[in-house]
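The values are calculated or read from the model by the stated rules, or taken from the named source; none is laboratory data. Model, not experiment: these values are computed from the prediction. Cβ placement follows ideal geometry from the backbone for every residue including glycine, while neighbour counts extend to all protein chains displayed. Note: accessible area is taken over every heavy atom of the protein model, side chains too, but ligands, DNA and RNA are not part of it. Shrake-Rupley method; radii C 1.70, N 1.55, O 1.52, S 1.80 Å.
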Amino acid sequence: MLRFALRELTRRKSRSLLAIFGIVVCTALLSSVLCLAQAMRNAARQPFDAANADFVAQRELAECPFALVKHAGTLGGIPTKTIARIRSLKEVEVAAGVLELWAVSGRDEKDRTVVTGIEPEYQKQIGPLMQSGKCCTLTDHQRGGRYLGFADTQSCLLEKPYADRHGLHLGDKVSLGGTHFRVVGTVQASPGARIAAGEVYIPLKEAQNLLGEGDVVNAVFIRAANPESAATVETRLKELIRADTRRGDKLVITSDLNVMSSVAGTTILAESAIRWVAGAVALVVLLLLIKFSLSSVNERLREIGTMKAVGWQDRHIAKLLALEWVLMGAVGGLVGTLLGVGAAWAYTAGTRLRLPALLNNYPACAKTPPPVDLKFSLEGSEPLIVGAFLVALSMGAVAGHFAARRAANLSPAEALRRL
Amino acid sequence: MDIHAELNQVTRTYIKHGVPLHALHGVDLSIGRGDWVLVVGDSGSGKSTLLNLLGGLDRPTEGEVRFDGINLTSLTSDDLARFRYEKVGFVFQSFSLISSLTALENVTIPLVPYKMDRVAMEEKAGAVLEQMGMIDRATHLPGELSGGEQQRVAIARSLINEPKLLLADEPTGELDSRTGEKILDLIASLHRDRGVTTIMTSHDPKIAERAHTVVQLEEGRVVDVQQ
Ligand SMILES: Nc1ncnc2c1ncn2[C@@H]1O[C@H](COP(=O)(O)OP(=O)(O)O)[C@@H](O)[C@H]1O
Ligand SMILES: [Mg+2]
């Protein structure tokens with residue numbers, strides 16, 4: 001039977017190819033859209049996964065004047081008492097504030113260092129020093145390098161590229177806005193975007209002293225107690241932060257769900273549009289395939305009549321036709337998913353998306369390349385690929401079902417009369 | 001007479017544009033085992049309809065068709081298909097070969113859905129093709145064969161399951177007269193050697209002399225039966 005089906009398909013080459021082409025287009029479209037969406041989701045999740053956080057809450061100011069030490073970028077302060085309130089929410093598992101600064105560190109006022117003040121007691125749970133659930137690696141651990149201690153003063157932790165560029169080692173001093181900090185360790189993170197990653201990390205208290213604005217932070221990392229409570233957390237956050245900050249400031253709460261809209265707003269829009277388009281195309285192609293399969297039965301009336309005359313039962317005929325269409329679905333699905341996944345892969349390989357400036361505030365003149373590139377990956381799209389292939393198979397099966405039903409219902413004598 | 005197949009008061013009516021058309025009208029006919037029957041009549045007189053009813057390809061509107069005492073009218077369509085598979089060999093005017101399959105594969109078609117081993121199937125088909133003198137053309141596609149050769153392949157296909165009843169609907173209709181003669185000789189020898197009950201139609205009364213019985217149809221009625 002399989003051999004018969006294959007022969008039939010290869011004989012009516014242009015017919016089969018046309019049907020397969022339709023299935024290929026659908027499946028390619030579907031699988032590329034699904035894989036792209038997955039890659040986008042992965043990219044959006046990556047910096048949050050890295051920081052072990054679900055949300056980052058920030059205030060954005062219209063502009064920041066120049067100073068020896070200033071809030072990084074256009075960030076504004078959030079009082080530390082707000083963090084305490086956030087921590088006390090039952091839906092929140094952990095929250096930590098950071099104060100991102102730009103501090104002039106040399107003679108040239110353009111020589112600014114990105115400094116992140118961190119709460120040492122949280123550095124191993126959440127925030128810029130985290131790397132997929134663990135702390136970044138200490139590169140000078142052997143020589144006594146360490147993370148910031150709770151009681152440390154005038155101490156700092158360096159990022160490896162910064163330390164290398166400035167030739168800084170354990171025990172060396174770094175000048176930040178005129179104050180000196182002793183290097184207690186150097187960390188190295190794996191590539192990929194990181195939120196509020198600085199070049200130099202100092203204890204939050206000292207960062208607040210440097211800035212001189214009192215007890216403020218300018219980014220709060222928050223992890224919800226469980227995924228279901230994430231939505232509630234977000235609304236509660238807005239209420240809390242709004243209550244504790246001046247009116248008129250722009251409050252920004254970023255999560256993996258909305259980060260993409262600020263990075264690539266159009267892509268997200270286009271993605272859902274393309275999804276609809278892919279669905280519509282699939283539907284149209286399916287209808288065409290059904291029409292096509294029915295008309296191909298008409299073309300083969302005589303053949304079908306002959307098979308019935310020599311003893312094939314209706315279900316035998318149905319099986320042959322279904323087999324033909326499922327084969328076409330399988331071939332079309334295979335080629336289509338390969339093309340679709342290939343296209344998605346090529347697109348992500350050639351596209352560079354960066355974290356929004358608010359989440360990683362590097363000065364324009366930064367000399368160390370900031371960790372802002374979102375990492376695309378097709379990880380987790382296996383079920384989508386299988387799904388797209390199954391869609392192709394079922395398109396074939398549906399078209400085949402109609403052809404089979406039509407052929408089975410034919411009266412053999414009738415079929416044989418047609419030439 | 002040992003009755004092999006019979007039609008009792010068979011009417012087959014088609015509704016055409018709301019008007020009933022009796023392709024067969026009250027036909028009574030008995031065919032003896034091992035008979036060679038020729039059905040003659042003008043085009044449209046109901047010959048094909050008669051053959052289709054006898055072979056279980058079609059059902060009568062009224063009356064009954066019996067084969068070996070079985071009332072075909074009472075069978076389900078699956079049982080009818082099985083009946084055709086086991087008992088009947090059909091040969092058509094237009095050969096009805098499947099153009100994507102080789103001669104040998106065409107001969108195996110009846111066996112394919114009944115799950116026979118492929119080697120066994122092809123051995124069997126090869127044997128019948130051999131008898132039809134077509135074994136050297138086994139791997140040819142129908143398009144590469146002449147009309148007479150295609151008809152031989154079609155006859156081989158009808159014989160593969162050793163039918164009890166051979167139904168040939170104008171088997172020479174698309175062949176030139178010399179080739180047609182040869183095909184008729186072949187059918188005659190099959191009938192003689194195997195004792196298969198053979199029913200053939202033709203609109204050419206000249207063939208009549210070969211048959212035991214000649215049934216004359218006119219507008220769906222049997223007007224004459226000659227032994
Ligand atoms: N499926 C059908 N639908 C309508 N009319 C039919 C059908 N089959 C046969 N007929 C009519 O029945 C009559 C007998 O047809 P047929 O048995 O094919 O005649 P013959 O084989 O002698 O030429 C013709 O008038 C034909 O038009
Ligand atoms: Mg006819």
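Return the equivalent ellipsoid semi-axes of region A:296-352 as a descending list in whole Å, where each equals the square root of 5 times an eigenvalue of the C-alpha gyration tensor.
42, 10, 5
In terms of solvent-accessible area of protein heavy atoms at a 1.4 angstrom probe, what is the ranking of A:405, B:66, B:157, highest value first?
So the residues, ranked largest to smallest area, are A:405, B:66, B:157.
What shape does region A:122-162 take by its C-alpha gyration tensor, where a ≥ b ≥ c are the square roots of the eigenvalues and a/c under 1.5 counts as rounded, a/b above b/c as prolate, and the rest as oblate?
Oblate shape, in that a/c is at least 1.5 and b/c is the bigger or equal ratio.
Grab the DSSP H runs of chain A that are 4 residues or longer, score each as -39,500 (n - 2.57), total them, divide by all residues and round the 222 nm result to the nearest 500 deg cm²/dmol.
Calculated mean residue ellipticity at 222 nm is -17000 deg cm²/dmol.
Whole angstrom only: what separates the Cα centroid of region A:6-36 from the Cα centroid of region A:127-191?
Centre-to-centre (Cα) distance: 56 Å.
Under a 5 Å amide H to amide H cut-off, with H placed in plane at 1.01 Å, what residues pair with residue B:166 once short-range neighbours are removed?
B:89, B:197, B:198, B:199
Report the longest stretch of chain A that contains none of the chymotrypsin sites (Phe, Trp or Tyr not before Pro) sitting in a DSSP loop with at most 13 other Cβ atoms within 10 Å.
Of all site-free stretches, the longest is A:151-419.
Show which lysines lie in cross-link reach of residue A:124 when reach means a straight Cα distance below 23 angstrom and same-chain residues fewer than eight apart are skipped.
The qualifying lysines are A:81, A:90, A:134, A:160, A:205, A:375.
Summing +1 for each Lys or Arg and -1 for each Asp or Glu, what net charge is found among the other residues whose Cβ lies under 14 Å from the Cβ of residue A:17?
Counting the neighbours of residue A:17, the net charge comes to +2.
For chain B, state the average projected area of the convex hull of the C-alpha atoms over all orientations, rounded to one decimal in nm².
12.7
What is the extension gain from residue B:78 to residue B:210, computed as 0.36 nm multiplied by their sequence separation minus the C-alpha to C-alpha distance, in nm to one decimal?
44.0 nm
What do you reckon, how do B:212, A:141 stack up by accessible area (1.4 Å probe), largest on top?
Result, largest first: A:141, B:212.
Within the set of other residues whose C-beta is less than 11 Å from the C-beta of residue A:171, count the net charge using Lys and Arg as +1 and Asp and Glu as -1.
Every neighbour counted, the sum reads +1.
Between residue A:209 and residue A:351, what length comes free when the chain is fully extended (0.36 nm per residue of separation minus the Cα-Cα distance, one decimal in nm)?
47.0 nm
Hey, can you grab everything whose amide H is under 5 Å from the amide H of residue A:100? Only 5+ residues off in sequence or another chain; H modelled, so Pro and N-termini drop out.
Here the answer is A:72, A:117, A:218, A:219, since their amide H atoms fall under 5 Å of that of residue A:100.
Towards the positive end of the charge dipole of region A:55-254, with charges on Cβ (+1 Lys, Arg; -1 Asp, Glu), say which of A:56, A:224, A:138 has the farthest Cα.
Of the candidates, A:224 comes out farthest on the positive side.
Between region B:203-219 and region B:164-185, what is the separation of their alpha carbon centroids in Å?
Between the Cα centre of region B:203-219 and that of region B:164-185, the gap is 13 Å.
Rounding to the nearest 20 debye, state how big the charge dipole of region B:117-227 is about its Cα centre with +1 on each Lys and Arg Cβ and -1 on each Asp and Glu Cβ.
260
Considering only lysines 8 or more places apart in sequence, or on different chains, count the pairs in region B:1-158 whose C-alpha atoms sit under 30 Å apart.
5
Once amide H atoms are placed 1.01 Å from N in the peptide plane, what residues at a sequence separation of 5 or more from residue A:250, or on another chain, have their amide H within under 5 Å of its amide H?
Close amide H contacts, sequence-distant or interchain: A:60.
Could you pull the accessible area for residue A:205 with a 1.4 Å probe, rounded to 10 Å²?
130
Which residue fluctuates the most in chain A, going by a Gaussian network model with Cα springs under 10 Å, if the choices are A:59, A:12, A:85?
Looking only at A:59, A:12, A:85, the biggest GNM fluctuation is shown by A:12.
Which Cα, out of B:80, B:22, B:67, lies furthest along the positive dipole direction of region B:1-89 (beta carbon charges, K/R +1, D/E -1)?
Most positive-ward Cα: B:22.
Any idea what the relative contact order of region B:3-226 is, in percent, if you count C-alpha pairs under 8 Å spaced at least 6 apart?
Relative CO of region B:3-226 lands at 30 percent.
From the backbone phi of region B:166-176, what are the Karplus-calculated ³J(HN,Hα) couplings (6.51 cos²θ - 1.76 cosθ + 1.60, θ = phi - 60°) in whole Hz, Gly and Pro given as x?
10, 10, 10, 8, 6, x, 9, x, 10, 10, 5
Summarise the long-distance tail of P(r) for region B:1-69 by giving the % of C-alpha pairs beyond 20 Å.
Taking all Cα-Cα pairs of region B:1-69, the fraction more than 20 Å apart is 27 percent.
What are the ³J(HN,Hα) couplings of region A:199-208, residue after residue, when phi is run through the Karplus curve with 6.51, -1.76, 1.60 and θ = phi - 60°? Round to Hz, x for glycine and proline.
Per residue, the Karplus-derived 3J(HN,Hα) values read 8, 9, 10, 10, x, 3, 3, 5, 5, 5 Hz.
If you wrap a convex hull around the alpha carbons of chain A, what volume per residue comes out, as a whole number of Å³?
Taking the convex hull of the Cα positions in chain A, it is 172 Å³ per residue.
Compare A:31, A:295 by solvent-accessible area with a 1.4 Å probe and give them largest first, with all protein chains kept in place.
Of A:31, A:295, the descending order of accessible area is A:295, A:31.
Compute the Rg/Rh shape ratio of region A:55-254: radius of gyration over Kirkwood radius, all on alpha-carbon atoms.
Here Rg/Rh amounts to 0.97.
Dimensions of region B:148-227 along principal axes (Cα, Å, largest first)?
34, 28, 21
Based on the alpha carbon coordinates of region B:181-223, what radius of gyration and maximum Cα-Cα distance (Dmax) apply, in Å?
Final numbers for Rg and Dmax: 11.6, 34 Å.
Modelled label-to-label distance, residue B:17 and residue B:64, 7 Å Cα→beta-carbon offset: nm?
Using points 7 Å along Cα→Cβ, the separation is 3.8 nm.
What does the structure give for B:71-80 when I average, per residue, the other chain Cβ atoms found within 10 Å of the residue Cβ?
2
Run down the lysines and flag those whose C-alpha is under 17 Å from the C-alpha of residue A:250, throwing out any fewer than 8 positions away in its chain.
By straight Cα distance, residue A:250 reaches A:238.
Just check region A:180-313 against the gyration tensor rule for me: Cα atoms, a ≥ b ≥ c as the square roots of the eigenvalues, rounded for a/c under 1.5, and otherwise prolate or oblate depending on whether a/b exceeds b/c.
prolate
Inside 10 Å of the C-beta atoms of A:301-309, what's the mean count of C-beta atoms belonging to other chains?
Across the residues of A:301-309, the mean count of other-chain Cβ atoms within 10 Å is 6.
Could you give the length gained on full extension between residue A:169 and residue A:235, defined as 0.36 nm per residue of separation minus the Cα-Cα distance, in nm?
Full-extension gain reported as 19.3 nm.
Label points 7 Å out from Cα along the Cβ direction at residue A:154 and residue B:99: separation in nm?
Placing both labels 7 Å beyond Cα along the Cβ direction yields 9.7 nm.
Could you tell me which of A:69, A:34, A:113 has its Cα farthest along the dipole of region A:1-130 towards the positive end, charges placed at Cβ (Lys, Arg +1; Asp, Glu -1), taken about the Cα centre?
Toward the positive end, the furthest listed residue is A:34.
Based on Cβ point charges of +1 for Lys and Arg and -1 for Asp and Glu, what charge dipole magnitude is obtained for chain A about its Cα centre, in debye rounded to the nearest 20?
1900
What is the local net charge at residue B:20, summed over the other residues whose Cβ is closer than 13 Å to its Cβ (Lys, Arg +1; Asp, Glu -1)?
After counting each charged neighbour, the total is +1.
List the accessible area buried at the contact between A and B, summed over both sides and calculated with a 1.4 Å probe, in Å² to the nearest 100.
Heavy-atom accessible area buried at this interface is about 2400 Å².
Grab the DSSP H runs of chain B that are 4 residues or longer, score each as -39,500 (n - 2.57), total them, divide by all residues and round the 222 nm result to the nearest 500 deg cm²/dmol.
The helix-only estimate for chain B comes to -9500 deg cm²/dmol at 222 nm.
For region B:68-132, what's the radius of gyration and Dmax over Cα atoms, in angstrom?
13.8, 39
Pick from A:79, A:128, A:369: which is most flexible by mean-square fluctuation in a GNM of chain A where alpha carbon atoms under 10 Å apart are linked?
A:369
Tell me, what ³J(HN,Hα) does each residue in region A:329-339 have, in order and in whole Hz, if you take phi through Karplus 6.51 cos²θ - 1.76 cosθ + 1.60 with θ = phi - 60° and put x for Gly and Pro?
x, 5, 5, x, x, 5, 4, x, 5, 4, 4
Under 10 Å, Cα contacts only: if you run a Gaussian network model on chain A, which one of A:273, A:344, A:309 comes out with the highest mean-square fluctuation?
A:309
Measure out, as a whole number of angstrom, how far apart the alpha-carbon centroids of region A:65-94 and region B:138-154 sit.
The distance from the Cα centre of region A:65-94 to that of region B:138-154 comes to 88 Å.
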